[in-house]
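S.K.: Take this structure first; my questions come after.
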Amino acid sequence: MEQETLICCFLLLAFSLFLASLLFFISMKYSIDHLLQPAYASFPEAQRRPVIGITANYSGCDATLRDQYYKQIVTAGGIPVIIPPISDTAVIADTLEQVDGILLTGGGDYNPLWCGEDPLPGLHNINAERDAAELLLTRMAYHRQKPVLGICRGIQTLAMALGGHVNQDITQKVKHSQDADRSEATHTISVVEDSLLHSIYGGQTTLFVNSFHHQAVDDPGDMFRITAQSSDGIVEAIESTEYKSIIGVQWHPEWMGEEGLPLFRWLVRSAKEYQQVGDIHKRILTLDTHCDTPMFFHQNVDFTQRDPRILVDLHKMTEGRQDATIMVAYLPQPKIGQKFSDVVEMKTEGPAAYADMIFDKIEEIVASKPEYLSIARTPSDLYLDKRMGRKSIMLGIENGLALEHDLRNLHHFAQRGIVYITLCHNGDNDICDSARSCNTHNGVSQFGEKVIQEMNRLGIMVDMSHAGEKSFYDALDISSQPIVCSHSNCRALCDHPRNLTDDQLRRLAAKGGVAHTTFYHGFLQKTGEADILDGIRHLEHAIKVMGIDHVGIGTDFDGDGGVCGMRDASDIQQFTLQLLRRRYSEDDIAKIWGGNWLRVMAMNR
């Protein structure tokens, strides 16, 4: 009887547990379904929000992060992810591919050894692993045009990584390490009126801030300018001098709630722009129609590395999301009485052999990295390379001197795959008079006429950059195909004989040709330092005169091209960003970045 009672009790207990478990499961399912209902109701999901990578701090032996950072990012409309302090360049590069912006957080002091200085006794919480990781991250983010907000230690990271200097222990007149709650402002700073910070805070020239530091930036370097200071002269904010979306602040806006939110909204908004530019570059082909990088081959530059001696290399093209470039064999024009061998660094038998030597070197570079590089000869080659993840190099000749007055050399270079010849350079040759003409032929010579006609037959584009006005108009009349100006600007904005008049632009467009804006400073403006916005002005003037179907970009990188905001191939995205901010459509951006040129190339084939 006792045994039967025990069995009944056991069965009753088991049934009770089963029933309780079932009820718990049902209630949990209801709760989870209830919790997820808003997400289900909003399906399909909204457009992806910008992802902001936040650098982690060290606390003891653990990587940590204050919640105020990621809460402000979420409130500003971004998606926060934590970047651990790992100083592995491959890991950092892959991480940067996954995020749209960077938040450099506060924390311990920097080791002054990074600046070649011995540490002072007051430093604390130095962590070499975090230092190395964030300095690498910052420099790589800079080259990839990532928007960056640096806070406290973060402003110091920007300076240390990019050519500035940090004072180890500031002399305090204003207290920069407050006793008040972190959410309270304890001193004021003055904001420079024409700064990005000034516009972010709605035109305020005085801000109330909180600070917790004794290291501070004392020299921002050339890549930044000071945009806010405290009353004792301590640098409180810096921003990029190169039109990049980068700001560093010395205080802690993450603790200041709504008052600190404008900076996080700026970061998320900038990251959204970066995301849009990246998406456009994935879909369109970006072609720079003129670079002179082969001029530096005699210095044994390494095109497959990030070589500081050149403006275009594999790394910079990758950082700028540039798909293709036309590299020219540039031949300087000897003066009367000079030999060609007197004006070139690499000695050869003559101009044709010199051009061949340049092309041999390009083919050698491509053969060393066939998985990343390719020589393209047609528009189809370019699009195939983009699909395969390769960067394309096209070949051109700058100065028809390379033909050595022999049309057979024209056939030879056509076989090598050149896509255009710039008929002259800075001096008259046997083909035509240049923009710096001595009026040798009064335009295109009789031999030049044969050259143009044979180029038409062979499918080689006729490039009239560097040509004199009479030569330009002669070539328009002679050529049966549209001609191009691979790197020429507008004389209406910069009165230089190398630039094109409005009449030239109109005549060029009427014949179906294209004129590509270049970034040589002397062709952008006569005085002062030119910048990327000057390039935009010339492009937009050409569009006004010619229409959107007849313009493009030929940077002249490594041929003295490159200006503030458009220094090298890694800055290519910056130009797209400027177009996007001016409300150009993706179709128009695609035309500017090579679509118009490829149309003309296809017509010449």
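S.K.: Any chance you could count how many residues in segment 412-462 are hydroxyl-bearing (Ser, Thr, Tyr) and part of a strand (DSSP E or B)?
M.R.: Number satisfying all stated conditions: 3.
Listed here are the residues, each with its yes/no results for (1) touching a residue at least 24 places away in the same chain (Cβ under 8 Å); (2) open to solvent by 20 Å² or more (accessible area, probe 1.4 Å); (3) not aliphatic (A, V, I, L, M).
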residue: Gln72; (1), (2), (3): yes, no, yes
residue: Ile79; (1), (2), (3): yes, yes, no
residue: Pro84; (1), (2), (3): yes, yes, yes
residue: Ser87; (1), (2), (3): yes, yes, yes
residue: Glu97; (1), (2), (3): no, yes, yes
residue: Asp100; (1), (2), (3): yes, no, yes
residue: Gly108; (1), (2), (3): yes, no, yes
residue: Leu113; (1), (2), (3): no, yes, no
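S.K.: For segment 226-255, what are the residues that are open to solvent by 10 Å² or more (accessible area, probe 1.4 Å) and under 20 Å from the mean Cα position of the chain (by Cα)?
M.R.: Once the filter is applied, which keeps residues that are open to solvent by 10 Å² or more (accessible area, probe 1.4 Å) and under 20 Å from the mean Cα position of the chain (by Cα), segment 226-255 yields Glu239, Ser240, Thr241, Glu242, Tyr243, Lys244, Ser245.
S.K.: Of the residues Ser471, Ser480, Ser488, Ser465, which single one is open to solvent by 20 Å² or more (accessible area, probe 1.4 Å) and outside any strand (DSSP E or B)?
M.R.: So the residue among Ser471, Ser480, Ser488, Ser465 that is open to solvent by 20 Å² or more (accessible area, probe 1.4 Å) and outside any strand (DSSP E or B) is Ser480.
S.K.: In the set Glu586, Glu529, which member is modelled with pLDDT under 95, acidic (Asp, Glu) and over 22 Å from Asp428 (Cβ atoms)?
M.R.: Glu529 is the lone residue from the list that is modelled with pLDDT under 95, acidic (Asp, Glu) and over 22 Å from Asp428 (Cβ atoms).
S.K.: In addition: Pick from Leu508, Leu533: which is open to solvent by less than 10 Å² (accessible area, probe 1.4 Å) and in a helix (DSSP H, G or I)?
M.R.: One residue alone meets the criteria, Leu508.
S.K.: Going by the conditions given, is Ala355 free of Cβ contacts under 8 Å to residues at least 60 places away in the same chain, closer than 23 Å to Ser488 by Cα and of a type in the set (A, V, I, L, M, F, W, C)?
M.R.: Yes.
S.K.: If I filter segment 287-302 for residues that are aliphatic (A, V, I, L, M), touching a strand residue (DSSP E or B) at 6+ places or on another chain (Cβ under 7 Å) and open to solvent by 50 Å² or more (accessible area, probe 1.4 Å), do I get at least one hit?
M.R.: yes
S.K.: Among the residues of segment 248-256, is any under 30 Å from Asn596 (Cα atoms) and in contact with an Asp or Glu (Cβ under 8 Å, 6 or more places away or on another chain)?
M.R.: no
S.K.: Taking segment 530-577, which residues are more than 28 Å from Ile483 (Cβ to Cβ) and either basic (Lys, Arg) or in contact with a Gly (Cβ under 9 Å, 6 or more places away or on another chain) (or both)?
M.R.: Residues satisfying the conditions are Asp531, Leu533, Gly565, Arg567, Asp568, Ser570, Asp571, Gln573, Gln574.
S.K.: Quick one: count up the residues across segment 395-412 that are more than 14 Å from Ala353 (Cβ to Cβ) and open to solvent by less than 10 Å² (accessible area, probe 1.4 Å).
M.R.: Residues meeting the conditions: 6.
S.K.: Which one of these does Phe212 not meet: (1) aromatic (Phe, Trp, Tyr); (2) open to solvent by 40 Å² or more (accessible area, probe 1.4 Å); (3) at pLDDT 95 or above?
M.R.: Status for Phe212: all satisfied but (3).
S.K.: Failed condition for Ala542, given (1) small (Gly, Ala, Ser); (2) open to solvent by 40 Å² or more (accessible area, probe 1.4 Å); (3) under 26 Å from the mean Cα position of the chain (by Cα), with all others met?
M.R.: Only one criterion is unmet by Ala542, namely (2).
S.K.: When only residues in segment 256-265 that are of a type outside the set (Gly, Ala, Ser) and open to solvent by 10 Å² or more (accessible area, probe 1.4 Å) count, which is nearest to the chain's Cα centre (by Cα)?
M.R.: In this case the residue turns out to be Arg265.
S.K.: Continuing with this model, one more query. Name the one entry in Asp356, Asp360, Asp433, Asp428 that is within 23 Å of Ile483 (Cα to Cα), open to solvent by 20 Å² or more (accessible area, probe 1.4 Å) and of a type in the set (Asp, Glu).
M.R.: None of the others qualify; the one that does is Asp428.
S.K.: Check Val328, Val344, Val366 and return the single one that is part of a loop (DSSP other than H, G, I, E, B) and of a type in the set (A, V, I, L, M).
M.R.: That would be Val344, the only listed residue that is part of a loop (DSSP other than H, G, I, E, B) and of a type in the set (A, V, I, L, M).
S.K.: For segment 570-589, name all the residues that are open to solvent by less than 30 Å² (accessible area, probe 1.4 Å) and of a type in the set (A, V, I, L, M, F, W, C).
M.R.: Ile572, Phe575, Leu577, Leu579, Ile589
S.K.: State the number of residues belonging to segment 553-578 that are over 11 Å from the mean Cα position of the chain (by Cα) and at negative phi.
M.R.: Of the residues in that region, 9 qualify.
S.K.: With the requirement that a residue be farther than 27 Å from Gly595 by Cα, touching a Phe, Trp or Tyr at 6+ places or on another chain (Cβ under 9 Å) and in a loop (DSSP other than H, G, I, E, B), what does segment 263-314 give you?
M.R.: Passing the criteria: Asp307, Arg309.
S.K.: Further question on the same structure: Tell me which residues, restricted to segment 312-333, are farther than 21 Å from Phe359 by Cα and open to solvent by 10 Å² or more (accessible area, probe 1.4 Å).
M.R.: Thr318, Glu319, Arg321
S.K.: Ala93 is checked against (1) outside any helix (DSSP H, G or I); (2) open to solvent by less than 60 Å² (accessible area, probe 1.4 Å) and fails just one. What number does that condition carry?
M.R.: Ala93 satisfies all of (1) outside any helix (DSSP H, G or I); (2) open to solvent by less than 60 Å² (accessible area, probe 1.4 Å) except (1).
S.K.: Here is a list: Tyr372, Tyr330. Which entry is farther than 25 Å from Thr95 by Cβ, among the aromatic types (Phe, Trp, Tyr) and at pLDDT 95 or above?
M.R.: Testing whether each residue is farther than 25 Å from Thr95 by Cβ, among the aromatic types (Phe, Trp, Tyr) and at pLDDT 95 or above leaves just Tyr330.
The values are calculated or read from the model by the stated rules, or taken from the named source; none is laboratory data. Only a predicted model underlies this, so the values are computations on that prediction, with no experimental measurement involved. A quick note on method: Cβ atoms are made from the backbone with ideal geometry, for glycine too, and the neighbour counts reach across all protein chains shown. In case anyone asks, the SASA skips ligands and DNA or RNA and just uses the protein heavy atoms, side chains included. Shrake-Rupley method; radii C 1.70, N 1.55, O 1.52, S 1.80 Å.
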